[in-house]
1. Suppose the filter is surrounded by fewer than 16 Cβ atoms within 10 Å (Cβ to Cβ) and within 16 Å of the ligand (Cβ to nearest atom); does S231 pass it?
2. Looking only at the range 214-228, which residues are open to solvent by 50 Å² or more (accessible area, probe 1.4 Å) and either in a loop (DSSP other than H, G, I, E, B) or out of contact with any Asp or Glu (no Cβ under 9 Å at 6 or more places or on another chain) (or both)?
3. Any residue at all in the range 187-202 that's within 16 Å of the ligand (Cβ to nearest atom) and not aromatic (F, W, Y)?
4. Which one is nearest to H79 (Cα to Cα) among residues in the range 111-121 that are under 24 Å from the mean Cα position of the chain (by Cα) and open to solvent by less than 60 Å² (accessible area, probe 1.4 Å)?
5. Of (1) within 17 Å of the chain's Cα centre (by Cα); (2) open to solvent by 40 Å² or more (accessible area, probe 1.4 Å), E34 satisfies all except one. Which?
6. Go through T94, T65, T86 for me and flag whichever is open to solvent by 10 Å² or more (accessible area, probe 1.4 Å) and farther than 16 Å from N175 by Cβ.
7. Would you be able to tell me the number of residues in the range 46-85 that are in a loop (DSSP other than H, G, I, E, B), more than 27 Å from A9 (Cβ to Cβ) and more than 13 Å from the chain's Cα centre (by Cα)?
8. Looking at the range 208-224, is at least one residue within 15 Å of the chain's Cα centre (by Cα) and either more than 16 Å from the ligand (Cβ to nearest atom) or closer than 21 Å to G85 by Cα (or both)?
Amino acid sequence: MSTSTPTAADLTDDELRALAERAGSELEGAHPREIIAWAARTFGPDLVLASSMGDEVLVHLAAATAPGIEVIFLDTGYHFAETIGTRDYYADFTAIHLTTILPLRTVAEQDAEHGPRLHDRDPNLCCALRKVEPLERGLAPYRAWITGMRREDAPTRTDIAVVGWDTRRNKVKLNPLAAWSQADVDAYVEAEGVVLNPLRQSGYASIGCAPCTRAVAPGEDPRAGRWSGTSKTECGLHT
Ligand code: SF4
């Protein structure tokens, strides 16, 4: 008979879901550091953080709280050079273990199959091919994942839990920054000297792929620069 202590890896999906919902209540109001520390203790190697490098504060917090944490970065092939540079900085100089996930097809192969500039003609398909499928592949080995989503980001995110259950993937989903305001983020950046994507200095408040992101004016909704001029507001990773 095994005498080892059960870990999250031993739990059924139902048990994991109950654990996530309980933790969501207990950790509401906790500092993101505390939430990440709980996740690292609870899930160990079954935990991964998915970063777009537009969530530098989250990566900084995770590196400081859970050194060696697994991080996946989805390289869509359309990122700004500044975003790739930010990824390289965090991979090379902080205590994370970063894996870059590529889409199944290069941009050239996608162009050959679907025609050029698919992002202009069918951004949902482009996101499905270059973000959603790679994320599913990247998350597959893990039972819990961390995102940088905040309730303040968008009307679609106002009720996200700090720890909850991802019904689409049957995994625990952690949003340690859920309750943080932009002022909280800015204060952390200032206090900890967080290295930011240089695009922030040029008015890019929310940073995605280059063809689908523009800078915003002071006072403008931070996400107004994403898929600007279309009705699209989400890439499909969280919906
Ligand atoms: Fe394609 Fe734009 Fe989605 Fe990036 S954000 S995957 S370029 S549609």
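The values are calculated or read from the model by the stated rules, or taken from the named source; none is laboratory data. Quick caveat: nothing in here was measured; it's all calculated off a predicted structure. Every residue, glycine as well, gets a Cβ built from its backbone with ideal geometry; the counts of neighbours run over all protein chains shown. Areas reflect the complete protein model, heavy atoms only, side chains present, ligands, DNA and RNA absent. Shrake-Rupley method; radii C 1.70, N 1.55, O 1.52, S 1.80 Å.
1. Taking the combined requirement at face value, the residue satisfies it.
2. Answer for the range 214-228, where residues must be open to solvent by 50 Å² or more (accessible area, probe 1.4 Å) and either in a loop (DSSP other than H, G, I, E, B) or out of contact with any Asp or Glu (no Cβ under 9 Å at 6 or more places or on another chain) (or both): R214, A217, P218, G219, E220, D221, S228.
3. Looking through the range 187-202, at least one residue is within 16 Å of the ligand (Cβ to nearest atom) and not aromatic (F, W, Y).
4. So, considering only residues that are under 24 Å from the mean Cα position of the chain (by Cα) and open to solvent by less than 60 Å² (accessible area, probe 1.4 Å), the one nearest to H79 (Cα to Cα) is H119.
5. (1)
6. Answer to the selection: T94.
7. Counting residues in the range 46-85 that are in a loop (DSSP other than H, G, I, E, B), more than 27 Å from A9 (Cβ to Cβ) and more than 13 Å from the chain's Cα centre (by Cα) gives 5.
8. Yes, the range 208-224 contains at least one residue that is within 15 Å of the chain's Cα centre (by Cα) and either more than 16 Å from the ligand (Cβ to nearest atom) or closer than 21 Å to G85 by Cα (or both).
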